Amino acid sequence: MKLEKSVVMAIVALVAIVATASAYYEYDQWLEKQPLEVKKGDFVEAYYIGYLENGSVFASSFNENVTKDTPFNESMYNLTVLKVYIGDGIPKKYPEGWGAGRYSVIEGLWKGLLGMKEGEERIVGPIPPEKAYGKKVEPGIEFTTKAITKTEENFIITGVNNSSISLKWLPEVGEKFTFMPSFWGMDPNANPHWFWENATEVISFNDTDVVVKTTPDKTENLTLYPFWENKTKAIVNDTTITLITTPEVGSNFTYFYYIVTVENVTKDKINISFTSGNKTIYQEMNRTITFNRTVEIPRIISVPKGYLTNDLENLGYSFDKLAGKTLYYRVKILKIYKVS
């Protein structure tokens with residue numbers, strides 16, 4: 001029996017479709033048997049040893065002291081699993097049982113895990129400081145920050161210790177800023193230059209000191225104390241500023257468990273009472289504060305590290321003990337989680 005040409009072509013096409021489908025099925029079966037590969041957005045469980053260029057180990061999955069070449073042998077050692085998110089920032093979803101937490105690692109490490117498979121072991125590195133814990137904060141670094149004066153000011157680092165950092169101010173004559181006396185070792189309550197933002201001007205400076213002068217931009221209806229709103233005024237002359245607070249007699253506010261009441265106001269004092277239950281305590285406070293408009297302050301100041309951490313990190317610097325170090329990691333992938 002002779003088949004028509006169109007029938008023959010249809011049979012050939014059907015055979016091709018069946019063969020292709022079979023090939024796809026076999027490929028899918030093969031693909032399912034392949035180990036997972038680490039991709040961005042995955043979560044990973046791994047064993048690791050972190051070490052420096054000289055081979056000294058700074059952290060690892062081991063509870064014991066080990067070398068960089070110690071095998072990940074669970075029968076010989078107590079090993080703690082490292083859980084890692086592969087990517088920057090905070091993930092929106094986590095693997096079941098992980099819970100929201102801190103699974104981030106340095107950029108150089110998580111990028112070095114990309115492409116690894118379950119069961120694979122690899123040395124990730126060298127990881128330069130820029131991709132690890134940043135460059136080390138040390139003398140000679142010049143940077144800009146608002147943390148000291150609320151305006152962008154230039155400083156150079158002159159020293160670093162465990163809790164603080166020494167800075168030398170690089171001012172310009174005529175610039176205005178918010179003077180925060182506490183950074184210069186002055187009592188901010190007795191010298192409230194900070195009360196007016198961007199109202200202090202650099203008059204002159206030498207290698208060691210800066211002369212600054214504060215000129216209030218507002219003198220009436222000031223709020224020096226938040227509980228006595230608009231009750232302070234400033235009297236300004238060539239050399240001093242005097243703040244005078246006049247709260248209303250009989251006005252009160254709550255402070256913790258106490259009711260604080262203004263009992264009397266004299267020329268120099270404000271008499272107040274603290275009442276809690278049946279107990280009342282009387283106290284007086286100065287009504288006026290007088291301080292110099294012009295002050296000479298040192299160019300070098302000491303600031304707690306926490307004030308400058310963000311500014312320096314944005315420039316690639318860090319106070320971490322591994323800052324400035326080139327790092328290596330020996331890693332073994334245990335399990336990869338795909339979270340959709």
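Here are the numbers:
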quantity: The chain, relative contact order in percent, only Cα pairs under 8 angstrom and at least six apart counted; calculated: 23 percent
quantity: Option label - mean projected area of the Cα convex hull in nm² computed here, alternatives [x] 26.8; [y] 25.9; [z] 36.1; calculated: [z]
quantity: Violating pairs (Cα-Cα greater than 25 angstrom) within the set LYS39/LYS92; LYS135/LYS332; LYS92/LYS338; calculated: LYS135/LYS332
quantity: Fewest-first sequence of TYR317, TYR258 by Cβ atoms within 10 Å of each Cβ; calculated: TYR258, TYR317
quantity: Model label zone, ASP320; criterion: amide N under 17 Å from point 7 Å along Cα-to-beta-carbon; scope region 78-111; calculated: 82-90, 102-111
quantity: Projected label distance in nm at ASP207 and SER276, using a 7 Å step from Cα toward the beta-carbon; calculated: 5.5 nm
quantity: Separation in nanometres of the label points that stand 7 Å from Cα toward Cβ, at GLU120 and THR242; calculated: 7.9 nm
quantity: Highest-MSF residue in the chain out of THR309, THR67, THR266 [GNM, Cα springs under 10 Å]; calculated: THR266
quantity: GNM flexibility winner over the chain from TRP228, TRP184, TRP194 (Cα, springs under 10 Å); calculated: TRP228
quantity: Among MET186, SER163, LEU222 - extreme Cα towards positive end, dipole of region 139-223, charges at beta-carbon; calculated: SER163
quantity: Environment charge at LEU113 (Cβ cut-off 15 Å; Lys +1, Arg +1, Asp -1, Glu -1); calculated: +3
quantity: Dipole in debye (nearest 20) - the chain, about Cα centre, beta carbon charges: Lys, Arg +1; Asp, Glu -1; calculated: 660 debye
quantity: 0 to 90° range, to nearest 10: angle between helix 5-33 axis and the chain longest Cα axis; calculated: 50 degrees
quantity: 24 Å Cα-Cα reach of LYS213 towards lysines, excluding residues that sit fewer than 8 places from it in its own chain; calculated: LYS146, LYS150, LYS168, LYS176, LYS233
quantity: Gaussian network model of the chain, Cα within-10 Å springs - most flexible of ILE141, ILE90, ILE300; calculated: ILE90
quantity: Lys, Arg +1 and Asp, Glu -1 on Cβ, resulting dipole of region 269-340 about Cα centre, debye, nearest 20; calculated: 480 debye
quantity: Per-residue Cβ neighbour rank within 10 angstrom, fewest leading, GLU37, GLU130; calculated: GLU130, GLU37
quantity: Cα lying deepest toward the dipole's positive end in region 69-187, options LEU113, ILE127, THR70, charges on Cβ; calculated: LEU113
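No value in this document is a laboratory result; all are computed from the given coordinates. These figures come from a predicted structure and were not determined experimentally. When we count neighbours, we look across all protein chains shown, and the Cβ atoms used for this are built from the backbone with ideal geometry, even at glycine.
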